[in-house]
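A.B. asks: Below you will find the structure I want to go over with you.
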Amino acid sequence: MRIEPFTIEVDASVLADLRSRILGTRWPDEIPGTGWQQGTNLDYLKRILAYWADRFDWRAQALKLNAVDHFRAELEGVRIHFVHEKARRGHGIPLVLTHGWPSTFVELLPLVPLLTDPEAHGIDGPAFDLVIPSLPGYGFSERPPRTGVNYRFTASLWHRLMRGLGYARYAAHGSDFGAGVSTLMALDEPQPMIGLHLSNLEIPPYVGPGARPLSEAESRYLEHNEKFWQAESGYKAIQGTKPQTLGYALNDSPAGLAAWILEKWHSWADSGGDADRRFTRDFLLTNVTLYWVTGTITSSMRDYYDNRWSRVPIGPQEFVRVPTGIAIFAHEFVSEGVPPREWAERLYDVRRWTPMPRGGHFAAAEEPQLLARDIAAFFASL
């Protein structure tokens, strides 16, 4: 496997073009008093784009990002970007961390100091060698120019990556699409897996003929979750069917891109309806800017298309036998519902189940201490 060091660099002309486009935004109207009911609030977006144009310092953010070790590896003809940070003392447990959408590797960076040097941060547990890849088609990772790039494909890439880095045994953690990829790592090739840790449930278990009846708690959860998707699944429907059409708009308009991404950070986080209360604008705009400067919003949305039309079937025989820890951060502003443990136990060998007191979909960015402590405690128990 060819691995080369990588530095995040963006040409000044790209940043100048971005600012020019922000300042030239043609704003739509908004029905007074609707807030976020019909999508991203107009006043909020105007304020954050004004900040993006005149106060956000990409160079300063890139300097922070480059403080960790970045690399690119060629896997099956595709260049994959990843961060690799080793335990500060002794031999760390190799752990691959995978993000989801509309996120990037940046979401996971708050875990780096906590898990590579837990003792220095008051965390009781082992230290880790962290590998944080960018999903194919996100940021600085290429995506194969074909369909079918689903959880299973990416899981196989991650196994190759970890072996190429010299790790014979390793663990995985993921959220959102990352939870799906990590699950498939454990399902398809369990032998090298020490354990699996998730901060949300991405892949539903089998509940067809022959499965045990749903419990009352499972039925309540599924009813709530169905109502959530009835109200919130518009983005998923278009990204799962016509991502190319949407891509023309988002790849051309910074306002459109920011509105599309930030609505999810507002709704899915434990934000209380105010994303600024939970995240700094610099953090949010670093994430959005990575999509912009790499031109990868369209390729990232193809995850929805590929995981819909090249779906990984979960049948009655599928079961993840790798020991699994699950931290439930179910305090989203727009609630998806709280899954009961028995729902997860249909698919996973659940050894640790931790309902968290706060935090939503983006746990690593929202509550890195809570998540890091749970990861460390889980792997210490194995």
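The values are calculated or read from the model by the stated rules, or taken from the named source; none is laboratory data. Values in this document were obtained by computation on a predicted structure and should not be read as measured data. Quick reminder, even Gly has a Cβ in these numbers, built from the backbone with ideal geometry, and neighbours come from all protein chains shown. Heavy atoms of the whole protein, side chains included, go into the accessibility calculation; ligands, DNA and RNA do not. Shrake-Rupley method; radii C 1.70, N 1.55, O 1.52, S 1.80 Å.
A.B. asks: Suppose we keep just the DSSP beta bridges with both residues in the chain; what percent of those would be antiparallel, to 5?
C.D. replies: Here the share of antiparallel DSSP bridges comes out near 40 percent.
A.B. asks: Ranked from the most accessible area to the least, with a 1.4 Å probe and all protein chains present, what is the order of 232, 216?
C.D. replies: My answer, sorted largest first, is 216, 232.
A.B. asks: Follow-up. Using the Cβ atoms and a cut-off under 14 Å, what net charge is assigned to the surroundings of residue 353, where Lys and Arg are +1 and Asp and Glu are -1?
C.D. replies: Cβ neighbours under 14 Å give a net charge of 0.
A.B. asks: Under 8 Å for C-alpha pairs, at least 6 residues apart: give me the relative contact order for segment 91-144, rounded to a whole percent.
C.D. replies: Details: 75 pairs, mean separation 23.1, N = 54.
For segment 91-144, the relative contact order is 43 percent.
A.B. asks: What is segment 184-303's relative contact order, in percent, from Cα pairs under 8 angstrom and six or more apart in sequence?
C.D. replies: Normalised by residue count, the contact order of segment 184-303 is 25 percent.
A.B. asks: Can you work out ³J(HN,Hα) from phi for every residue in segment 122-134, in order, using Karplus 6.51 cos²θ - 1.76 cosθ + 1.60 and θ = phi - 60°, giving whole Hz and x for Gly and Pro?
C.D. replies: x, 9, 8, x, x, 8, 10, 8, 9, 10, 10, x, 8
A.B. asks: If you roll a 1.4 angstrom probe over the protein chains with everything in place, what fraction of the accessible area of the chain belongs to carbon and sulfur, to the nearest %?
C.D. replies: 50 percent
A.B. asks: Let me know the shape class of segment 121-231, please: from the alpha-carbon gyration tensor, a ≥ b ≥ c as square roots of the eigenvalues, rounded when a/c is under 1.5, otherwise prolate if a/b is greater than b/c, or oblate.
C.D. replies: In terms of gyration-tensor shape, prolate.
A.B. asks: Over the chain, average the accessible area per residue using a 1.4 Å probe and give it in Å², no decimals.
C.D. replies: 43 Å²
A.B. asks: Moving on to the next point. For residue 25, put the label point 7 Å out on the Cα→Cβ axis and report which residues of segment 218-257 keep their amide N under 13 Å from it.
C.D. replies: Taking a point 7 Å out along Cα→Cβ of residue 25, the residues of segment 218-257 whose backbone N falls under 13 Å are 253-257.
A.B. asks: For log10 I(q)/I(0) by the Debye sum over Cα atoms at q = 0.08, 0.09, 0.13, 0.15 Å⁻¹, which listed value, (i) -0.46, -0.57, -1.09, -1.33; (ii) -0.54, -0.66, -1.12, -1.33; (iii) -0.39, -0.50, -1.11, -1.51, comes from the coordinates shown?
C.D. replies: Step by step, log10 I(q)/I(0) by the Debye sum over Cα atoms at q = 0.08, 0.09, 0.13, 0.15 Å⁻¹ for this structure corresponds to label (iii).
A.B. asks: What FRET efficiency comes out for the pair residue 308/residue 335, r = Cβ-Cβ distance, R0 = 22 Å, nearest 0.05?
C.D. replies: Computed FRET efficiency for residue 308 and residue 335 comes out at 0.40.
A.B. asks: Something else: Along the charge dipole of segment 229-276, Cβ charges K/R +1 and D/E -1, which of 240, 256, 269 sits furthest on the positive end?
C.D. replies: Result: 240.
A.B. asks: Still on this model: How far apart, in nm, are the 7 Å Cα→Cβ label points at residue 342 and residue 238?
C.D. replies: 4.0 nm
A.B. asks: Additional query: Summing Lys, Arg as +1 and Asp, Glu as -1, what charge do residues with Cβ under 11 Å from the Cβ of residue 100 carry, residue 100 excluded?
C.D. replies: -3
A.B. asks: Could you work out how much longer the chain between residue 4 and residue 230 gets when fully extended? Use 0.36 nm per residue separation minus the Cα distance between them, nm to one decimal.
C.D. replies: Value of the extension gain: 76.9 nm.
A.B. asks: Leaving ligands, DNA and RNA out of it, work out the accessible area of residue 221 with a 1.4 Å probe and give it in Å² to the nearest 10.
C.D. replies: Only protein atoms counted, so the area is about 30 Å².
A.B. asks: Straight distance only, please: which lysines reach the Cα of residue 64 with their own Cα at less than 30 Å, same-chain residues fewer than 8 apart left out?
C.D. replies: Reachable lysines: 46, 86, 264.
A.B. asks: At a Förster distance of 35 Å, what's the computed FRET efficiency of residue 215 paired with residue 36, Cβ-Cβ distance as r, to 0.05?
C.D. replies: 0.55
A.B. asks: Rounded, prolate or oblate: pick one for segment 227-340, where a ≥ b ≥ c are the square roots of the eigenvalues of its C-alpha gyration tensor, a/c under 1.5 means rounded, and failing that, prolate if a/b is larger than b/c, else oblate.
C.D. replies: Oblate is the answer for segment 227-340, as a/c is 1.5 or above yet b/c matches or exceeds a/b.
A.B. asks: Going by Cα centres, segment 34-87 and segment 209-227 are how many Å apart?
C.D. replies: One Cα centre to the other: 37 Å.
A.B. asks: In the full protein assembly as shown, how much of residue 220 is accessible to a 1.4 Å probe, in Å² to the nearest 10?
C.D. replies: Near enough 150 Å² of accessible area.
A.B. asks: Relative contact order for segment 229-382 using alpha-carbon pairs under 8 Å, separation at least 6, rounded to a whole percent?
C.D. replies: On the way: 168 pairs, mean separation 40.3, N = 154.
Here the relative contact order equals 26 percent.
A.B. asks: Continuing with this model, one more query. At 0.36 nm per residue, and after removing the present C-alpha to C-alpha distance, how many nm does the segment from residue 194 to residue 382 gain when stretched out fully?
C.D. replies: Gain on stretching residue 194 to residue 382: 66.9 nm.
A.B. asks: Moving on. Check the straight Cα-Cα distances from residue 236 and name the aspartates and glutamates below 16 Å, setting aside those fewer than 8 residues away within the same chain.
C.D. replies: In chain and number order, the partners are 176, 202, 226, 263, 303, 306, 336.
A.B. asks: Divide, for segment 2-107, the radius of gyration over alpha carbons by 2.2 N^0.38 Å, where N is the residue count.
C.D. replies: Here the Cα radius of gyration is 1.49 times the empirical estimate.
A.B. asks: Using DSSP, restrict attention to beta bridges with both residues in segment 35-180 and report what percent are antiparallel, rounded to the nearest 5.
C.D. replies: 55 percent
A.B. asks: Which residues' amide hydrogens lie under 5 Å from the amide hydrogen of residue 362, considering only partners 5 or more residues apart or on another chain, with H built in the peptide plane?
C.D. replies: Under 5 Å from the amide H of residue 362: 270.
A.B. asks: Once R0 is set to 35 Å, what does the formula 1/(1 + (r/R0)^6) return for the Cβ-Cβ distance between residue 169 and residue 274, expressed as a FRET efficiency to the nearest 0.05?
C.D. replies: After rounding, the FRET efficiency stands at 0.20.
A.B. asks: Could you give the distance between the Cα centres of segment 89-167 and segment 168-193, to the whole Å?
C.D. replies: Value for the Cα centre distance between the two parts: 10 Å.
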